[in-house]
Amino acid sequence: MSEMNAILKIENLCVTYRSRDAVRNVKQAVHNLNLSVHQGEAFGFLGPNGAGKTTTMNVLLGFTNATSGDAYIFGANVREPIARQRIGYLPELTYYYRFLTAEELLRFYAKIFNIPKPETEKRIDAVLKLVELAHARKRLIKTYSKGMQQRVGLAQALINNPDLLILDEPTSGLDPIGRMKVREIIQRLKHEGKTVFFSSHELGEVETICDRVAILHKGELKAEGRVKDLVEQHRCNLEQVFLRVIGFET
């Protein structure tokens with residue numbers, strides 16, 4: 001695939017911050033990261049805890065500034081607010097107003113995006129149907145199960161009809177049924193031509209869903225490529241590939 005057609009592009013990205021470690025004053029969270037994601041891909045962003053995944057996502061979302069290097073979304077530098085107009089985001093930990101219903105929450109987010117009222121109601125109907133919560137649209141979010149709360153989080157990430165979704169551990173803490181439902185939603189979005197960039201520790205699901213993956217360890221890119229190619233190259237499943245790449249001996 002042509003690098004010129006990448007809708008998400010990371011070039012020589014470095015992020016450092018002050019460390020509480022008395023010996024080392026500076027910790028490097030991300031070191032010289034280069035990555036490209038293309039239209040319509042489901043891209044898995046993998047690594048153990050502390051690998052730099054969330055830091056990288058925070059740079060893409062404008063929550064954290066890069067120490068050096070650049071990142072682009074749809075050709076716009078992520079330092080510019082315009083870069084984030086066409087993305088949807090689901091954080092690992094979602095905190096919503098539990099006294100709202102699902103449709104009230106979605107109206108709130110629609111206002112943030114300045115979506116006209118007639119279009120808002122159409123979008124709410126569409127995303128609630130997609131995440132299979134139309135039947136519970138008038139229930140308070142505080143009555144939702146963990147899986148339902150995660151799916152309403154996906155609904156808010158989709159309310160602006162984004163072309164790119166950035167999801168941080170979308171199946172974290174879910175039971176097998178909840179994980180299956182989120183996986184099905186991601187696959188539907190992919191079939192609609194959306195681009196999904198997500199981190200996950202559920203490597204079996206990543207192997208099922210993703211076209212390509214990148215594996216980070218201690219802030220550095222250790223492997224990147226098509227899931228099929230990595231599995232064939234190492235002659236094992238993705239979980240075993242992951243363990244080998246980060247140097248974990250079983």
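Computed per residue of the chain from DSSP H runs no shorter than four, each worth -39500 (n - 2.57), the mean residue ellipticity at 222 nm is -10000 deg cm²/dmol. In whole angstrom, the stretch 179-250 maps to an equivalent ellipsoid with semi-axes of 23, 12, 12, each derived as √(5λ) from the alpha carbon gyration tensor and ordered largest first. For the stretch 9-123, the alpha-carbon radius of gyration amounts to 1.31 times the rule-of-thumb value 2.2 N^0.38 Å expected for a compact globular protein. Between the listed residues 187, 208, 234, the Cα displaced farthest toward the positive end of the dipole of the stretch 169-250, a dipole computed from Cβ unit charges relative to the Cα centre, is found at 187.
With the simple spin-label model, which puts each label point 7 Å out from Cα in the Cβ direction, the residue 121 to residue 180 separation comes to 3.6 nm. Placing unit charges on the Cβ atoms only, positive for Lys and Arg and negative for Asp and Glu, gives the chain a dipole magnitude near 800 debye about its Cα centre. Checking the table 138/181; 53/190; 194/228; 53/194; 9/142; 122/228 against a 31 Å threshold on Cα-Cα, which pairs fail? Among 138/181; 53/190; 194/228; 53/194; 9/142; 122/228, the Cα-Cα distance tops 31 Å for 9/142; 122/228.
Can you tell me how the stretch 49-90 classifies by the Cα gyration tensor, rounded, prolate or oblate, using a/c under 1.5 as the rounded cut? Here the stretch 49-90 falls in the oblate category. Restricting the count to DSSP beta bridges whose residues both fall in the chain, what percent are antiparallel, rounded to a multiple of 5? Of the beta bridges lying entirely in the chain, close to 60 percent run antiparallel.
Each Cα pair under 8 Å and six or more residues apart adds its sequence gap; the mean of these over the residue count of the chain is a relative contact order of 25 percent.
Distance from the alpha carbon centroid of the stretch 134-213 to that of the stretch 58-112 works out to 16 angstrom.
Projecting the Cα atoms of 12, 124, 35 onto the charge dipole of the chain, computed from C-beta unit charges around the Cα centre, puts 124 farthest toward the positive end.
The gain in end-to-end length when the residue 76 to residue 236 segment is fully stretched comes to 53.8 nm, 0.36 nm per residue minus the alpha carbon separation.
Probing with 1.4 Å while keeping every protein chain in the model, the per residue accessible area of the stretch 1-121 equals 57 Å².
The values are calculated or read from the model by the stated rules, or taken from the named source; none is laboratory data. Remember, it's a predicted structure, so these values are computed and weren't measured experimentally. Heads up, the Cβs are rebuilt from the backbone with ideal geometry, glycines too, and the neighbour counts pull from every protein chain shown. Just the protein is used for accessible areas: all its heavy atoms, side chains included, with ligands, DNA and RNA removed. Shrake-Rupley method; radii C 1.70, N 1.55, O 1.52, S 1.80 Å.
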